[in-house]
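S.K.: I'd like to ask some things about the structure below.
The values are calculated or read from the model by the stated rules, or taken from the named source; none is laboratory data. Nothing here was measured: the structure is a model prediction, and the numbers come from that model. Here the Cβ positions follow ideal geometry from the backbone for every residue, glycine too, while neighbour counts run over all protein chains shown.
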Amino acid sequence: MKDYDVVVIGAGLGGISAASSLAKAGKKVLLLEKHNVPGGYATSFNRGRFEFEIALHELSGLGDANNRGPVWRILNDYGVLPKVEFVRIPDLYRSVMPGADVTVPIGRQNFEDALCKAFPKDAEGIKKFSATMFNFADEAIKANRVGMKAVMEDPSKFPTLMANYGRTLSDVLNPLVSDDRARAVISATCGYYLQPPSKCSFLIFALGTASYLKFGCYHVKGTSQAMSQAFVDTIEENGGHVWLNNGAQRIRVSNGKIRGVVAEDGTEIACQRVICNANPLTTSLNLIGRENVPDWYLKRLGKWTAGGSTFNVYLGLDCTCQSLGFKNHENFVSIGPDLDRQHESMRHDISSEPYGAAVTAYNVADPDFSPPGTGVVVLCVIAYAEPWLKLSPVEYAEAKSKLADKLITLAERIAPGLRDHIEVMETATPP
């Protein structure tokens, strides 16, 4: 039986970052991953002469030499940073809908100026919202650092956090900004969190958007797979082990304590600590076993439902992105400003017309993302697994094809003739 201090199950970003930290701290670490590559959603795949990014649109938290962000510091502390090259994305995103076409730049003042210019009647409200968002994010970070006990002892030091904690984005934004189009432009990145503005936590939105505006947007040279591999290299350089194509079969528990892990190939590994980067249902019911999980936690699991996912269309083009009119890396294209309707349009009826989508043109920021004279564009819309699970194999294939075609038509609002230059196409439905 092999013996480790810690076994980490799952090589998604949570798993590989935890394993990197532990290995660097001198712990004897084993990372188990059932897939043949590390990274989870931070991976890539190949079709023909194209390599496609699985999921990453824009990475935040890096900053530059004069303004280092938290992600930069983490990657540096773990020893991953020297192994990875990042490509800076000039703007946060472009939002296009009838009556509005706004490019949102990096920087708080630039953000406010661009939105106030596009929607002058809401200028005062836009500035108030921006101030609320940045103050809220700063106070939330401070609260996390000092702890909630300290916050409650003197809540006057956290006025914006206390006034807006538990509210949604719509709760905060709508009273300040009246133009539906302005609201939609500001809320465009809600899709990153798989929620419409009426349900999106203002905490999550504020932290994410403030980080993008403070520290800028980046992509990984060689796709996010390169960053995931850098984590693995760091783990192994510090004495840790990574097993691919070999997930966990069981977490061994005795008398309420972890005793070890059984790998999928039957190997028994002794350890006293496990970090599981799998979903809580799989972890509790399949790996730990219902008999070893407290009743109160099982009841909590029973109340949870599966969250949203995405439907993606990966396009390899026989021309450059710029030749089709793409000027921005990230583009949000919709037929109207109602982002709640956009979210619901794909929740139950996948045969309906998509209301909006993210259109990412990777070669705009990184000309070397694909072979010379070509381009890579990915179309992404929020989707749920439930309607797909009801389809027969024939219906499933037909629905994928029809939805992909509709999304291409939507993308052609900003890139006319896109479909005429598709060399390779792949689609992905919710897992």
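S.K.: So in the range 254-266, with the set limited to residues that are in a loop (DSSP other than H, G, I, E, B) and modelled with pLDDT of 95 or more, which one is surrounded by the fewest Cβ atoms within 10 Å (Cβ to Cβ)?
M.R.: To start, the set of residues in the range 254-266 that are in a loop (DSSP other than H, G, I, E, B) comprises 255-256, 264-266.
Okay, now just the ones that are also modelled with pLDDT of 95 or more, so 264-266.
Details: 264: 14, 265: 10, 266: 8.
Among those that are in a loop (DSSP other than H, G, I, E, B) and modelled with pLDDT of 95 or more, it is 266.
S.K.: Hey, can you tell me all the residues within the range 347-363 that are hydrophobic (A, V, I, L, M, F, W, C) and over 29 Å from residue 89 (Cα atoms)?
M.R.: Within the range 347-363, the subset hydrophobic (A, V, I, L, M, F, W, C) is 350, 357-359, 361.
Correct list: 350 only.
S.K.: Could you list, in sequence order, the residues of the range 388-425 that are buried (at least 17 other Cβ atoms within 10 Å of the Cβ) and more than 22 Å from residue 325 (Cα to Cα)?
M.R.: 388, 399, 400, 403
S.K.: Somewhere in the range 364-371, is a residue farther than 21 Å from residue 192 by Cβ and buried (at least 19 other Cβ atoms within 10 Å of the Cβ)?
M.R.: Yes, the range 364-371 contains at least one residue that is farther than 21 Å from residue 192 by Cβ and buried (at least 19 other Cβ atoms within 10 Å of the Cβ).
S.K.: In this structure, is residue 67 touching a Phe, Trp or Tyr at 6+ places or on another chain (Cβ under 7 Å) and surrounded by fewer than 18 Cβ atoms within 10 Å (Cβ to Cβ)?
M.R.: Details: touching a Phe, Trp or Tyr at 6+ places or on another chain (Cβ under 7 Å): yes; surrounded by fewer than 18 Cβ atoms within 10 Å (Cβ to Cβ): yes.
Answer is yes for this residue.
S.K.: So which residues in the range 312-348 are modelled with pLDDT under 95 and either farther than 23 Å from residue 103 by Cα or charged (D, E, K, R) (or both), if there are any at all?
M.R.: 338, 340, 341, 344, 345, 346, 347, 348
S.K.: Please tell me if residue 315 is in contact with a helix residue (DSSP H, G or I) (Cβ under 8 Å, 6 or more places away or on another chain) and either free of Cβ contacts under 8 Å to residues at least 24 places away in the same chain or among the charged types (D, E, K, R) (or both).
M.R.: On the way: in contact with a helix residue (DSSP H, G or I) (Cβ under 8 Å, 6 or more places away or on another chain): yes; either free of Cβ contacts under 8 Å to residues at least 24 places away in the same chain or among the charged types (D, E, K, R) (or both): no.
The answer is no for residue 315.
S.K.: Another question, then. Is at least one residue of the range 276-297 assigned to a helix (DSSP H, G or I), under 29 Å from residue 193 (Cα atoms) and of a type in the set (Lys, Arg)?
M.R.: Checked the range 276-297: no residue is assigned to a helix (DSSP H, G or I), under 29 Å from residue 193 (Cα atoms) and of a type in the set (Lys, Arg).
S.K.: Quick one: how many residues across the range 378-420 are free of Cβ contacts under 8 Å to residues at least 60 places away in the same chain and outside any helix (DSSP H, G or I)?
M.R.: 4
S.K.: Go through the range 93-108 and report how many residues are over 13 Å from residue 414 (Cβ atoms) and touching a Pro at 6+ places or on another chain (Cβ under 7 Å).
M.R.: Result for the range 93-108: 0.
S.K.: Can you tell me which residues in the range 336-375 are closer than 16 Å to residue 183 by Cβ, in a loop (DSSP other than H, G, I, E, B) and out of contact with any Lys or Arg (no Cβ under 8 Å at 6 or more places or on another chain)? Steps first, please.
M.R.: In the first step, residues of the range 336-375 are kept if they are closer than 16 Å to residue 183 by Cβ; the result is 336-343, 355-356.
Now narrow it down to the ones that are in a loop (DSSP other than H, G, I, E, B): 336-338, 355.
Within the range 336-375, 336, 338 meet the criteria.
S.K.: Next question. Against the condition at pLDDT 95 or above, acidic (Asp, Glu) and not assigned by TED's automatic domain parsing to the domain that holds residue 173, how does residue 423 come out, does it pass? Walk me through it before giving the result.
M.R.: On the way: at pLDDT 95 or above: yes; acidic (Asp, Glu): yes; not assigned by TED's automatic domain parsing to the domain that holds residue 173: yes.
Criteria met by residue 423.
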